Amino acid sequence: GVWKHSKSEGHDDYGLLVSEKARKYAIVNELNEPVSLKDGSTVLQFETRFQNGLECGGAYLKYLRPQEAGWKANLFDNESPYSIMFGPDKCGATNKVHFILKHKNPKSGEYVEHHLKYPPSVPSDKLTHVYTAILKPDNEVRILIDGEEKKKANFLSADDFEPPLIPAKTIPDPDDKKPEDWDERAKIPDPNAVKPDDWDEDAPMEIEDEEAVKPEGWLDDEPEEIDDPEATKPEDWDDEEDGEWEAPKIDNPKCETAPGCGEWKRPMKMNPAYKGKWSAPLIDNPNYKGIWKPQEIPNPDYFELDKPDFEPIAAVGIEIWTMQDGILFDNILIAKNDKVAESYRETTWKPKYEVEKEKQKAEDESTDSDGLSGVQKKVFDVLYKVADIPFLSEYKLQILDLIEKAEKQPNITIGVIVSILVIILTVLFRLLFGGKKQV
């Protein structure tokens, strides 16, 4: 893909532009000195704008750790080792602002990718947005979009990263096997139950209604369809080649005013004697031992960790694949003070954003090229925020899929809102009244 140094649409401000669709892109800049992530806070921030929208593609940055001796910038590709990957990615069911830490396992020496759980969604508009990740010395990471905190996590928490940086203390014993006589059935058919003598398994589910009477005026001799009297045989019809010509059928007009036509048959009704196949009732299994699981043993790969062993940032790169063009990157910042990042947002990002928002507002007063009104766009923005609510994380992909369908078919917006409300009410009901705990 061809990178271009291009103006952001509607501004005199330049950025780095993805100029072609359906391409792979890679570009990197080595820093004069590696930036340590171990001393105090570190802020990673950049702006990106989807000038043509984003349906399928990445727009994230890779913060590379020091490369092997002899490595040159023009060798940068998807295999180049990184410390952190951060930024938007959207395609199909994927819709998230990635934060991935590549951390060295102190026992094995291998680098493992640790993904932030339940990351925020990508804004769905064509405005410039600024993405910020703040790494704090107390193991906290904060993800901001346009200066607003969207996610807070702890690097050492198993609830926040997958896989967790610190392995579990115990693991299921891989050599433990379920005993052959282990019974996991909570209920079993009652062995002493006997089918009642009056239980007829052959009785049909439906029988004729003997009390039914043929309605007055039923036309027994009239068919439901007749030949169309106005149809004529086409002049070019050849009986030898096309077969004998038959007039097309139409509904019999005499049947329109009558209760029915043709042979009358008694309607069917439910058979009161129907019981179906007999089966013994279920009783508690006296041999039930519960669901078997292997016993826990100490995890040989377990280790303790006070702080992540962050690799320094030696270079910043963009290595993406995208079906969209028009993605513009700007103002890539690495700082040790979040006030510096905040100042950049106020002076470089916010003025652009306000201009774009006003222009978008004017366009939203009429239906845009996608058939979405301004009101619908606001509804979708709210729905994307709903998808980020933590207690709905189990259903996030389902909700995002519904929203994307509604964006493509605006006429189903109301149905989508109802579907999402049903999901929310279902989750709330489970939380309030209990339910099966998720693994």
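Okay, here's what the table says:
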| read-out | value |
| --- | --- |
| Alpha-carbon Rg with Dmax, taken over region 133-182, Å | 18.5, 60 |
| Rounded to whole Hz, the Karplus (6.51, -1.76, 1.60) HN-Hα couplings of region 235-240, x for glycine and proline | 5, 8, 6, 10, 4, 5 |
| Eligible lysines near LYS249 by straight Cα distance, threshold 19 Å, same-chain separation 8 or greater | LYS233 |
| Label-to-label distance, nm, for residues given as VAL213 and HIS5 (7 Å Cα→Cβ offset) | 9.6 |
| Cβ crowding within 10 Å averaged over residues, with 317-325, 138-146 ranked highest first | 317-325, 138-146 |
| Interchain or long-range residues, amide H under 5 Å from ILE84's placed H | TYR63, LYS102 |
| For the chain, calculated [θ]222 nm from helices alone, where every DSSP H run of n ≥ 4 adds -39500 (n - 2.57) | -5500 deg cm²/dmol |
| Choice from PRO223, PRO272, PRO312 with maximal GNM fluctuation in the chain (Cα, 10 Å cutoff) | PRO223 |
| Heavy-atom accessible surface of the chain: percent carbon and sulfur, 1.4 Å | 51 |
| Anchor LYS289: lysines whose Cα lies under 22 Å away (excluding residues fewer than 8 positions away in-chain) | LYS177, LYS178, LYS187, LYS436, LYS437 |
| Point-to-point label distance, LYS277-GLU256, nm (Cα→Cβ direction, 7 Å offset) | 5.0 |
| Residue with peak Gaussian network fluctuation, the chain [Cα springs, cutoff 10 Å], from GLU225, GLU20, GLU162 | GLU225 |
| Under 19 Å from the Cα of LYS107 - lysines, other chains or at least 8 residues apart | LYS169, LYS307 |
| For ASN299, residues with placed amide H under 5 Å, excluding near neighbours | THR170, ILE171 |
| Using θ = phi - 60° and Karplus 6.51 cos²θ - 1.76 cosθ + 1.60, couplings along region 66-79 (whole Hz; Gly, Pro as x) | x, 8, 5, 4, x, 5, 10, 4, 6, 8, 4, 7, 5, 8 |
| Kirkwood Rh in Å, taken over all unlike Cα pairs in the chain | 28.7 |
| 5 angstrom amide H check on ALA231, placed H, neighbours 5+ away | none |
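The values are calculated or read from the model by the stated rules, or taken from the named source; none is laboratory data. Computed from a predicted structure; not experimentally measured. Cβ: placed from backbone, ideal geometry, glycine included. Neighbour counts: every protein chain shown. Keep in mind that these areas ignore ligands, DNA and RNA; they rest on the heavy atoms of the full protein, side chains included. Shrake-Rupley method; radii C 1.70, N 1.55, O 1.52, S 1.80 Å.
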